Structure formats: structure tokens, C-alpha cells
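In what follows, a single structure is set out as C-alpha cells and then discussed.
The values are calculated or read from the model by the stated rules, or taken from the named source; none is laboratory data. These figures come from a predicted structure and were not determined experimentally. So basically every Cβ, Gly included, is an ideal-geometry build from the backbone, and we count neighbours across all protein chains shown. SASA here: full protein model, heavy atoms, side chains in, ligands and nucleic acids out. Shrake-Rupley method; radii C 1.70, N 1.55, O 1.52, S 1.80 Å.
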Amino acid sequence: MPSRRDLLIAAGVAATPAPALAQDAAAACVVSTWDFGAAANAEAFARRRAGGTAVDMVEAGARVPEADPTNHSVGLGGYPDRDGHVTLDAVIMDQSGNVGAVCALEDVVHAVSVARAVMEKTPHTMLVGVGARSFAVDQGFETTSLLTPESEAAWREWLVTADYRPRANSENTDWRWTPGSAGNHDTIGILAIDGEGRLGGACTTSGMAFKMRGRVGDSPLAGAGLWVEPGVGAATATGVGEDVVRIAGSHSVVEAMRAGAAPTDACRQVLERLVRLRGTALAGHQVALLALDVRGRVGGLALLPGFTYAVTDTRGATRIERAGAIFPDPA
């Protein structure tokens, strides 16, 4: 884990300017967190080609991991809280300040779509718990148990020790390759620019594995897990949500871009602020930020190595990028 010296050094590191797009490079139109974001991007790009809005794009993309039972950090098959309940959080936002979110939603796979319904069909920005579920049912969403046999087995194994310790980058190491592993605790954030140049973003998660019942992290909170601003760009966050909330992570990144910072620089400024605020309390914690500006430039940075993100350009080509980090590998 980072030493006190590492933390103090990182707090004073100067930002390195991110390069501008090469003249022959296509601008990005969809970006999302982690390796599994590539499949989400593909669905989002298909919606773009069909004339969908940025909100259509991010909703379609986010629904992919939500429906994947092998992904234990999002939607169906997500790891439950410590009482055995799978609860979902999601948010969706357009560039006009319209936002919808749900927290602690049970029994509905596509939390991002319920969040969109909150945005479009209610005067509110967030519904929680039983109220969110009742609204979803009223809107015609199907209900089903989100606790798969694999996730239940992992929960019962965890009950033997009942010891929750988040592991950095478990989103990639646990996804598919080691099903049932304990400790996955994360999200997918997805940002998009549609064919008309409009911005949109979404974030959806099943939250920390084996969390306290009722715990909500940064993911469904506008300004923390997601922020979209017209004429500037959008940002999303991943990792230990409590740390992101403390610095209004995504909003802070967009504000840094508004002030002229390139996407990676903006992410660095915000993470360095977090380091100055929390110091050694961050030891072993992963927090990663991902940004897309209105020009189609992308940037990401994390506290620890291992954060990856998927980038799809306007030609439809997708690549996985490995972000830089403030600290060295704690292993």
C-alpha cells in the first residue's frame, strides 16, 4: 500500500498536460469504466448509429452489464449486502441538467432504465428503496430475484468470516475469470456524445459486496459518481465511493475542464485534492476518474495502478486503455 511518503509526494505532484488529439485520430464518442465497458460501448455505439440521443446511448450501454450474471458488481448477479439482499443504485443525466436516480432498488434488473423513468416521468431526481421499487412496478418493469446461485454461494462463504475488505481493481480480476470471489464492490460509468454533439452519462452498480444494509456510495449521486455539463464535458468515477463523495469527484473533474484542463489533467487535479484531504486514510483504496470533453478527448487517472477503461471512437473502433496512477502498485 502507499507509504506516508508516497502520499505526501503525490499531494505535490504537478499535473502533466494530456496530449491533444492527433490530426488523424477520430474523436471518442463513448467511454466507459473497466474492461467490461467494451461490450457496453458496442451497444451504445449501435444506438448512436441508429440516431439515438446521448441518453439513449448510455442507457443502452449500461443495460449490458446490468443483465450479465457473471458481472458481480452490476445488476443481475451483483453481490448482496451483508443481510443477503441485492440492492442496485443508478443515475442518468443529460446535458440540460435533467437527472434521474434510484438507490437501494431491489428485484429490478435494469436500474438505469428506472432512473431514466424517474428523470422523465416524475418531478423528482431520486427515488429510494421501497418507493423506487413501487415506482418501477407501476411503470411496468418486470421483477425478479437478483440473487443468483453463484452470488448467494459467495455471500454464504463470506458469512464464515463476515470480514469486508475492498480490493483495488477487483472489477477486472473477479469479472468472469474468478466467479464467486469476494470483495467486488463497484460500478460501470458510461459517457457519450451523440451525432448531434449532445452529451449524456449514466452510472449503475450493485455497490459494495456485503455492504451494510442501506449503504449507498457515490454511483447514483449527481456530482459524485456522474456529472454532465453542456459545452464542457462529462465525468464519472469508480472505486471506493465514500472517497469520491468527499470531493464531489465527477463535478470537480468537469469544473477543472471548464477552467481549461485537459481530461487527464482534470482527473489528476481532483485526485491530488483527495490525497491532500485524506492522506494516509487512503492507504489501499482505489479511486479512479474518467472524463470525456466536448471535443471527444478522453482522460482517466487512478490512485492505484490497474484501472482500465474502454474508448470507442466515431468510426466505431474500440480500444481498452490502462490509466496512469498517482501511487505505485501496493503489491
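State to the nearest 20 debye the size of the charge dipole of the range 191-230 about its Cα centre, where the only charges are +1 on K and R beta carbons and -1 on D and E beta carbons.
So the dipole magnitude of the range 191-230 works out to roughly 400 debye.
Between the range 189-206 and the range 32-63, how many Å separate their Cα centres?
8 Å
Can you give the net charge of the other residues whose Cβ lies under 13 Å from the Cβ of Gln139, counting K and R as +1 and D and E as -1?
Residues close to Gln139 contribute a combined charge of 0.
What's the local net charge at Val55, with K and R +1, D and E -1, over the other residues with C-beta under 11 Å away?
-2
Report the extension gain between Arg49 and Ala27 in nm, rounded to one decimal, defined as 0.36 nm multiplied by the number of residues separating them, less their alpha carbon distance.
Difference between extended and current length: 6.4 nm.
How far apart, in nm, are two points set 7 Å out from the Cα along the Cα-to-Cβ line at Glu120 and at Arg215?
For the pair Glu120/Arg215, the computed spacing is 3.3 nm.
As a test question: what accessible area, to the nearest 10 Å², does Met126 have when a 1.4 Å probe is rolled over all protein chains in place?
70 Å²
State, to one decimal in nm, how far the label point of Glu150 lies from the label point of Ala259, with both points 7 Å from Cα in the Cβ direction.
Label-label distance for Glu150 and Ala259, simple model: 4.4 nm.
Give me the extension gain from Asp83 to Ala317: residue separation times 0.36 nm, minus the current Cα-Cα distance, reported in nm with one decimal.
Extra length from Asp83 to Ala317 when fully extended: 80.0 nm.
Shape call for the range 29-126 from the C-alpha gyration tensor, a ≥ b ≥ c root eigenvalues: rounded (a/c under 1.5), prolate (a/b greater than b/c) or oblate?
oblate
How would Phe135, Phe210 rank on accessible area, largest to smallest, probe 1.4 Å?
Reading off the accessible areas and sorting them downward yields Phe135, Phe210.
To the nearest 20 debye, what charge dipole does the range 215-331 have about its Cα centre, counting +1 at the Cβ of each Lys and Arg and -1 at the Cβ of each Asp and Glu?
Taking the Cα centre of the range 215-331 as origin, the dipole is about 60 debye.
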